[in-house]
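To start, the structure under review is shown below, and the notes come after it.
The values are calculated or read from the model by the stated rules, or taken from the named source; none is laboratory data. No experiment lies behind these values; they were computed from the predicted model shown. Reconstructed Cβ throughout: ideal geometry from the backbone, glycine too, with neighbour counts over all protein chains shown.
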Amino acid sequence: MKQTQLRLGEVIKASTTGFTSQCYELYELPPLGSLVKTTEGEIELYAVVYQATTEGLEPGRKPIARGKDEASEEAIFQSSPQLAKLLRSEFSALVVGHREGDKTRQYLPPRPARIHSFVHACTKEEIKTFSQAFGFLNILVNAETETPSDELIAAVLRLMSTTYDDSRAFLIGAGKELAALLGQDYARLKAVLERIKPTDEEF
């Protein structure tokens, strides 16, 4: 049975290495490390979510506290329904690969995503297909993002592992690839492995 694709939002900023998407619904943000996709013409871009924010629409105008006399957070929005239109939720994603035709490549595409391109959450089948190889880990290991790369790597692998019947085998495979990439930095390697370890067993 084919899974329905969930449209998360659309691209409002793009570069060769990533893009930022504004969500259609406030707080409807994908989890850290999620694999998402968008398009550039005939090319499908795959990216992992590394940062999410919710802030005011107007630059320089910060939200103010409004709940002093309210019984709940929901009551704040009920008494001031215009707030939902004054805030926006956005997420940024790091491009880790692309697909052209029937070929998936785990390196940067020739061009960035287009502004207003729709961004979808990848289905379990797409995540499993993409993660059959670990070439994308090299991009993550060398990424410079607001979220520490070690935390991002761990979040990505934990989420990807849930698409496998044998999640432990997947994580062990990923751990071996990380060992090859981070062999000269044992402290960093150990920190990542501790975050993805499925049990108390050692890799």
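See the values below:
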quantity: Residue in the stretch 86-97 that is among the basic types (K, R) and either outside any strand (DSSP E or B) or modelled with pLDDT of 95 or more (or both) present; calculated: no
quantity: Residue match in the stretch 159-172 (condition: within 30 Å of E25 (Cβ to Cβ), touching a residue at least 60 places away in the same chain (Cβ under 8 Å) and either surrounded by 14 or more Cβ atoms within 10 Å (Cβ to Cβ) or not aliphatic (A, V, I, L, M) (or both)); calculated: yes
quantity: G175 out of contact with any Gly (no Cβ under 6 Å at 6 or more places or on another chain), small (G, A, S) and in contact (Cβ under 8 Å) with a residue 24 or more places away in the chain; calculated: yes
quantity: 3 or more residues more than 18 Å from the chain's Cα centre (by Cα): qualifying strands (runs of 3 or more DSSP E) within the stretch 7-76; calculated: 43-56
quantity: Count of residues meeting criterion [closer than 15 Å to I196 by Cα, assigned to a helix (DSSP H, G or I) and not aliphatic (A, V, I, L, M)] in the stretch 137-182; calculated: 12
quantity: Residue under evaluation A47, criteria (1) closer than 12 Å to H120 by Cα; (2) of a type in the set (A, V, I, L, M); (3) in contact with a helix residue (DSSP H, G or I) (Cβ under 8 Å, 6 or more places away or on another chain), criterion not met; calculated: (3)
quantity: Check on E125, surrounded by 13 or more Cβ atoms within 10 Å (Cβ to Cβ) and touching a residue at least 24 places away in the same chain (Cβ under 8 Å); calculated: no
quantity: Conditions (1) under 23 Å from P110 (Cα atoms); (2) crowded, with 20+ Cβ neighbours inside 10 Å; number of the one not met by P30; calculated: (1)
quantity: The lone exception for I115 - which of (1) loosely packed, with under 15 Cβ neighbours inside 10 Å; (2) part of a helix (DSSP H, G or I); (3) in contact (Cβ under 8 Å) with a residue 60 or more places away in the chain; (4) not charged (D, E, K, R) it fails; calculated: (2)
quantity: Test set (1) charged (D, E, K, R); (2) over 16 Å from the mean Cα position of the chain (by Cα); (3) within 25 Å of S21 (Cα to Cα) - E144 fails condition number; calculated: (2)
quantity: Test result for I76, touching a Gly at 6+ places or on another chain (Cβ under 8 Å), among the aliphatic types (A, V, I, L, M) and over 21 Å from T129 (Cα atoms); calculated: yes
quantity: First in the stretch 12-27 and closer than 13 Å to R114 by Cα, second anywhere and at pLDDT 95 or above and among the polar types (S, T, N, Q), Cβ under 6 Å, 6 or more apart; calculated: I12/T20; I12/Q22; K13/T20; T20/S92
quantity: Top-ranked residue in the stretch 82-112 [being within 20 Å of the chain's Cα centre (by Cα) and over 15 Å from A47 (Cα atoms); ranked as surrounded by the most Cβ atoms within 10 Å (Cβ to Cβ)]; calculated: S89
quantity: Test for T123: is it within 19 Å of F19 (Cα to Cα) and either among the β-branched types (V, I, T) or more than 16 Å from the chain's Cα centre (by Cα) (or both); calculated: no
